[in-house]
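What follows is calculated from the coordinates using simple rules that are stated; it is not laboratory data. Keep in mind the model is a prediction, meaning the values are calculated, not measured. Methodologically, a virtual Cβ is constructed for each residue, glycine included, from the backbone with ideal geometry; neighbour enumeration extends over all protein chains shown.
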Amino acid sequence: MGMTMTQKILAAHAGLDHVEVGQLIMAQLDLVLGNDITSPVAIDVMKDMDTKGVFDRERIALVMDHFVPNKDIKSAEHCKCVREFACQHEISHFYDVGQMGIEHALLPEKGLVVAGDVVIGADSHTCTYGALGAFSTGVGSTDMAAGMATGQAWFKVPEAIRFKLVGKPGPYISGKDIILHIIGLIGVDGARYQSMEFDGEGIQYLSMDDRFTIANMAIEGGAKNGIFPVDDQTLAYIKEHADRKPLVYEADADADYAAEYTIDLSSLKPTVSFPHLPENTRTIDQIEDIAIDQVVIGSCTNGRLSDLKAAAEILKGRKVADRVRTIIIPATQQIYLDAMQAGYLKTFIEAGAVVSTPTCGPCLGGYMGILAAGERCVSTTNRNFVGRMGDVTSEVYLASPAVAAASAVTGRISGPADLI
Amino acid sequence: MKAAHGKVFKYGDNVDTDVIIPARYLNSSDPADLARHCMEDIDRDFVSRVDTGDIIVAEKNFGCGSSREHAPIAIKAAGVSCVIAETFARIFYRNAINIGLPIVECKEAAADIEAGDEVEVDFDSGLITNHTRKKTYQGQAFPPFMQKIIDAEGLVNYINTNR
Ligand code: SF4
């Protein structure tokens, strides 16, 4: 029996020629990631381990992104704890205010992940790097601590669901619409304990940013990881950003899949997830008149340059609706700078939006845009659970940057086509 | 033999980590702080009603969402002795084992047990006894590798004894 792409990467990192579904393996790690919420717990756990230090100071990334610049004293203490740890262990990739970005946008940009890697991160959206043809998955702080100490993690070899992407997406159809459509199809536990493996000729039409968005939300289908095949676009991206050589793995022709879906990208419409689960999807033409109070454009899902471009193209020469607070957050310092040079930030500010320094902020209901009771927000983030962005009676509608920007203009959930 | 014995708090499908411990409290990692807000957004009375040893029973995909280990830590620190569900989200499952919070997958128990039932779980056999309804259900046993981590009371001790 052949192996899937994920199984091949895991086998190689466990020093095995072949692995079977369900097999428990110990794999070597190429990178261990943590943020300002999960790292302090991991650092505490490490103190209880009989370990002299970290396995490799070059292969640990600590990113201060959730509550920074710090929102209160407790979060400042957390960052201080991580800063001191990074200093003590001479961690090369410690990103603090001024260099930081949202971790899953930052790591690929800094070239810290290449195709063929195995990466664990104490953050569920670590699955984002599957866009680069790497195996990456979210873990908790104890696994992060063990990973930092030993450079290894245990895994149960997953089976896979195959998503064959065919056809060319129409105008305003982005990676976000594709992944929301898929989650609507399979449900929030549709890929539990499994890999989501994407392939098919439709992938050629997806930018790297689209692929990051899709892989990012694999966890919203319950998946262990999401992964894309490596093509010329991937290799060009890696070459531009990383020094290390990518290792390209391909699924065997006779690999076994638990299920297969064909997604015709040309048939998709702008898609929105209704409260309070990402699987509650509706296409834009099925949505009645829903007035909104806030729009958030940003996050590790949709805070990249092409996302800001899509929003700027819609907001250019327009104003956001009265009483719709529109918050735009570039995901990294580099994206912030590029957006400034491209004139997007000026467009946003002239339209009546605010633009923030990179932060997770409102995405997890941290700060910078918390919702009051009963308020509704259209957001380009990835989760719309009860209370995710504020009060338990507030509502989050997940959408693409184009839909979010159009909604900001009309004050109701709208597609870009509604503006013409 | 290790066992759990207590009264049941019952929830439905897709109990996510945001309702187990809302992100607004993640500026602390102190288990006692986290326990004070455990389940707050799904069940305001949980913290005032839970007694040491009580058991949470839920349906599908318990613990979905973020990787915050604060979620199983909050549950454990609140005094919960075991979580039974039809299925668990993968990261929560892993985290619970790693920090030594006992969890059992059992579809029948998840469907049958109701809030307030008095339930006992035998971790060695995976057998769940519902004293209120005079019924038993067979939960899934852990694979030997995970059992070793559980026996060591978490990944830290397991690593310390195996290096
Ligand atoms: S942007 Fe949101 S989903 Fe992404 S890492 Fe930050 S809090 Fe998590």
Roughly how crowded by other chains is peptide B:91-99, in terms of the mean Cβ count from those chains within 10 Å of each of its Cβ atoms?
6
At 20 °C and 1.002 mPa s, the Stokes-Einstein diffusion coefficient in µm²/s for region A:43-86, with hydrodynamic radius from the Kirkwood sum on alpha carbon pairs, is 180
In Å, the C-alpha Rg and Dmax of region B:3-162 are 14.6, 44
I'd like the distance separating the alpha-carbon centroids of region A:383-404 and region B:1-61, in whole Å.
23
Given region A:248-353, what whole percent of its Cα pairs are spread farther than 23 Å?
47
Name the GluC sites (Glu not before Pro) in region A:60-126 that are in a loop by DSSP and that have at most 13 other C-beta atoms within 10 Å, would you?
A:Glu90
Find the relative contact order for chain B and round it to a whole percent, using C-alpha pairs within less than 8 Å whose residues are 6+ positions apart.
24
Using alpha carbon centers only, region A:265-279 is separated from region A:40-74 by a whole-angstrom value of 36
Cα pairs beyond 19 Å in region A:156-274, in percent, come to 46
Rounded to two decimal places and with Rh computed the Kirkwood way over Cα pairs, what is Rg over Rh for region A:37-111?
0.96
Directionally averaged shadow of region A:275-333, computed from the convex hull of its alpha-carbon atoms, nm²:
5.4
Put +1 on the Cβ of every Lys and Arg and -1 on every Asp and Glu Cβ in the protein assembly as shown; which of A:Leu265, A:Ala191, A:Val324 then has its Cα farthest towards the positive end of the dipole?
A:Val324
Please provide three numbers in whole Å: the alpha-carbon extents of region A:310-393 along the principal axes, with the largest listed first.
38, 28, 17
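How large is the convex hull of the C-alpha atoms of region B:11-85 per residue, in Å³?
About 73 Å³ per residue, rounded to a whole number.
When the convex hull of the C-alpha atoms of the protein assembly as shown is computed, what volume per residue in Å³ does it have?
Given the Cα convex hull of the protein assembly as shown, per-residue volume reads 139 Å³.
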Other chains near A:117-129: what is the mean number of their Cβ atoms within 10 Å of each residue's Cβ?
2
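Find the relative contact order for chain A and round it to a whole percent, using C-alpha pairs within less than 8 Å whose residues are 6+ positions apart.
Numbers: 1054 pairs, mean separation 73.1, N = 420.
With pairs under 8 Å counted, the relative contact order is 17 percent.
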Chain A: longest stretch without exposed trypsin sites (Lys or Arg not before Pro) (DSSP loop, at most 15 other Cβ within 10 Å), sites themselves excluded?
A:53-243
How large is the Kirkwood hydrodynamic radius of region B:62-110, counting all unique pairs of alpha carbons, in Å?
10.7
The rounded separation in angstrom of the Cα centers of region B:98-143 and region A:151-176 is 35
What are the extents of the Cα atoms of region A:363-419 along their three principal axes, in Å, largest first?
32, 19, 18
Equivalent ellipsoid semi-axes - Cα gyration tensor, region A:82-183, angstrom:
30, 19, 11
How large is the helix-only mean residue ellipticity at 222 nm for chain A, computed as the sum of -39500 (n - 2.57) over DSSP H runs with n ≥ 4, divided by its residue count, in deg cm²/dmol to the nearest 500?
-8500 deg cm²/dmol
Per residue of B:12-25, other chain Cβ atoms within 10 Å number on average 5
Quick check on region B:3-162: of the DSSP beta bridges with both residues there, what percent are antiparallel, nearest 5%?
50
